Amino acid sequence: MSFRPLILASALVAGGMALVSALALSRLPPGTMLPTHWNAAGQADHYAGAAHALFMPVILTIVTSAMMATLPRIEPLQSNLEGSAPLLRAAWAGILALFVGIEAMVAGPAFGWTPPGSMLLVGLGFFLIAIGNTLPKSRPGFFVGIRTPWTITDTDNWIATHRFGGWLFAGTGLAIVVVAILPMDTGARGGIVTTALLSAALTPVVFSYFRWRATRPR
């Protein structure tokens, strides 16, 4: 099992983003403020100086890629790692794509392009769909997947929870894409996205607990 293609891709993406950041910075007047954070409705709600805003996604890409490259080496359940490789690869590639999207959102104005706020929500939706499609293929581990005390210690619970979570993540991702595209009040969009994300994060944990309760010896 090799993650070298993703390590190479990470290096190329980080280098490309750094080049774009440097070029964008050279085109902006001193004192320019650029967005660094967006709310659940896709609206920019925090700004910083151009250099900070442009190069922060580059730094986060490097740090995150280093973490993702390290996880397979420190996973205690090495025997299960092969089964979780598709999920790890999907997560890694998806995170790289999201950082590229963030860089585009930040650097766009320097090139006369203001990306719509919905672009990040659409990217997040497709990321969740990709994760949902690979969740059922994973196997118990300490760093990849829906990790609860009941899934890590019971392979059947892990499989059932990740099948359920796969459908939930994919459905949540599709819902976010639709909500991002449809015209609606930004407050309503933010509320729907926040509720959908919290549901996707918490419901599988509750599911794994009740699955454990239903199957444990009495």
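The values are calculated or read from the model by the stated rules, or taken from the named source; none is laboratory data. Predicted, not measured: the structure shown is a model, and the values here were computed from it. Heads up, the Cβs are rebuilt from the backbone with ideal geometry, glycines too, and the neighbour counts pull from every protein chain shown. What goes into the accessible areas is simple: the full protein's heavy atoms, side chains included, and nothing from ligands, DNA or RNA. Shrake-Rupley method; radii C 1.70, N 1.55, O 1.52, S 1.80 Å.
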Next item on the list: Divide by every residue of the chain the summed helix terms, -39500 (n - 2.57) for each DSSP H run of at least 4, and state the resulting mean residue ellipticity at 222 nm, rounded to the nearest 500 deg cm²/dmol.
Entry: -24500 deg cm²/dmol
Next item on the list: Please list the non-local residues whose amide H lies under 5 Å from the amide H of A48, H modeled 1.01 Å from N, same-chain partners needing a gap of 5 or more.
Entry: L34, T36
Notebook entry, point to check: So how far, in whole Å, is the C-alpha centre of the stretch 65-119 from the one of the stretch 129-165?
Noted result: 19 Å
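Compute the Cα gyration tensor for the stretch 10-87, then decide on rounded, prolate or oblate, letting a ≥ b ≥ c be the square roots of its eigenvalues: rounded whenever a/c is under 1.5, prolate when a/b is larger than b/c in the other cases, and oblate in all that remain. Present the calculation step by step, with values, prior to reporting the outcome.
Details: a/c = 3.71, a/b = 2.13, b/c = 1.74.
Since a/c reaches 1.5 and a/b is larger than b/c, the shape of the stretch 10-87 is classed as prolate.
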Next item on the list: With a 1.4 Å probe and all protein chains in place, put M68, M33 in order of accessible area, largest first.
Entry: M33, M68
Check: Could you give the length gained on full extension between M67 and A11, defined as 0.36 nm per residue of separation minus the Cα-Cα distance, in nm?
Finding: 18.8 nm
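Where does each of 111-118, 12-19, 57-64 land if you order them by average Cβ count within 10 Å, highest first?
Values: 111-118: 12.5, 12-19: 16.9, 57-64: 18.4.
For the peptides 111-118, 12-19, 57-64, the packing ranking is 57-64, 12-19, 111-118.
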Item checked: Accessible area of the chain divided out per residue, in Å², using a probe of 1.4 angstrom -> 52 Å²
Next item on the list: Considering only S199, S138, S65, give the residue with the highest GNM mean-square fluctuation for the chain, with springs between Cα atoms whenever their separation is below 10 Å.
Entry: S199
Item checked: Total formal charge among the other residues, if their Cβ is under 15 angstrom from that of W113, Lys/Arg +1 and Asp/Glu -1 -> 0
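Give the shape of the stretch 32-75 as rounded, prolate or oblate, defined through the alpha-carbon gyration tensor: a ≥ b ≥ c are the square roots of its eigenvalues, a/c under 1.5 means rounded, and otherwise the shape is prolate if a/b is larger than b/c and oblate if not. If you can, show how the numbers build up before the last one.
Numbers: a/c = 5.94, a/b = 2.03, b/c = 2.93.
Oblate, because a/c is 1.5 or more while a/b does not exceed b/c.
Where the accessible area of the chain is counted over protein heavy atoms with a 1.4 Å probe, how much of it, in %, is carbon and sulfur?
Working: 7890 of 11370 Å².
Carbon and sulfur atoms account for 69 percent of the accessible area of the chain.
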